[in-house]
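Where a number appears in this text, it was derived from the coordinates with a stated rule and is not lab data. These figures come from a predicted structure and were not determined experimentally. Quick reminder, even Gly has a Cβ in these numbers, built from the backbone with ideal geometry, and neighbours come from all protein chains shown.
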Amino acid sequence: MKKLFIATLAMAIMLGVLAPVVLQGGTASACTLGLSPGYWKNHTEAWVGYSTGDYFDIVFGVGPHVTLLQALQTGGGGLNALNRQAVGAILNASSIPDALSEAYVLQFVRHVYNNPNANDWEYYKDLLESYTA
């Protein structure tokens, strides 16, 4: 199923469905790497567009009813690791020009939660993590 998701994502990019993600601001520049979830956990004063008390399930429309800061503070792998990367990605999107777009991050996280075959949380966590420095 992972291969199908990757193939679908690649096709969507090629067809221009996700053009705003690839062509930020109409330029062909590559996506800028974002900061790690650990950075955001320790630098809450740098958050833009979101607050530590915002709830994960409200922001993303899926997932646990914990604050964004609580998601960053939760240890462990699997779904907890995916949630940490999701929070880091949405904060990167709202703060760093040319990072992944907020719309893409929201769509990505919703896909993973809503797709019954997307239960390999580590794989999807790794995809989000690949966009951090």
Gly88 neighbourhood, Cβ < 10 Å, K/R = +1, D/E = -1, net charge +1
The answer for Gly34, listing residues at least 5 apart or on another chain whose modeled amide H is closer than 5 Å to its amide H, is Thr132, Ala133
Here the gain from full extension of Glu45 to Asp120, 0.36 nm per residue of separation minus their alpha-carbon distance, amounts to 23.7 nm
Counting sequence-distant residues (5 or more places) and residues on other chains, those with an amide H built under 5 Å from that of Val66 are Phe56, Asp57
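Mind putting a number on the dipole of the range 32-129 about its Cα centre? Charges go on the C-beta only, +1 for Lys and Arg and -1 for Asp and Glu, and I need it in Debye to the nearest 20.
Values: 4 positive and 9 negative charges, 24 e Å.
The calculated dipole for the range 32-129 is roughly 120 debye.
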Cα-based Rg then Dmax for the range 32-129, in Å, read 12.0, 37
The ³J(HN,Hα) series, computed from each phi in the range 39-47 with the Karplus coefficients 6.51, -1.76 and 1.60 at θ = phi - 60°, rounded to the nearest Hz and given as x for glycine or proline, is 4, 5, 5, 9, 10, 5, 5, 8, 5
